[in-house]
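The next block holds one structure in the form of C-alpha cells; read it before the comments.
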Amino acid sequence: MKNKISKEEFDNEELYCRRLGHYLKFRYCRKEHDGMPCFKIRDCWFTKIPVDEYLAQNFEIQELDYIFKPPQPKIASLVEIIQKAQSVKKQS
C-alpha cells in the first residue's frame, strides 16, 4: 500500500507560474481557488510531483470538478464578467 500524501507534503516545491509570470511554491497553487487547487495544477506540476495521486488522496472528485471541465470560451467568460460588474453597479 502506498503512503498517504499529506496536503502540506509538497508545499515548499517551487516552479514558474505561466499565469502569474513568476515563481510560486506549491502551497499557493494548492489553495489558490478559494481554498481549492488552481485549475491548472495538473498541467503545471505533473513533471515535478505525483499531482494526480496527491489530488486523489486529498480532495473529493466533486470538489475538483472545475479542474476537469473544459475551459469556458473567452466570450462566455467576458459576458459573465460584464454581468457581474453590472450587478454590482446596480447594487451600489
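Here, each number is a calculation from the coordinates, and none is a lab measurement. Quantities reported herein were computed from a predicted structural model and do not represent experimental measurements. Methodologically, a virtual Cβ is constructed for each residue, glycine included, from the backbone with ideal geometry; neighbour enumeration extends over all protein chains shown.
Contact annotation: residue pairs with Cβ atoms under 7 Å, 6 or more positions apart or on different chains, pairing a residue in the range 1-25 that is closer than 17 Å to Thr47 by Cα and in contact (Cβ under 8 Å) with a residue 12 or more places away in the chain with a partner that is surrounded by fewer than 10 Cβ atoms within 10 Å (Cβ to Cβ) and among the polar types (S, T, N, Q), are Lys25/Asn12. Listed conditions (1) over 14 Å from the mean Cα position of the chain (by Cα); (2) among the aliphatic types (A, V, I, L, M); (3) exposed (fewer than 15 other Cβ atoms within 10 Å of the Cβ) are all met by Leu20, apart from (1).
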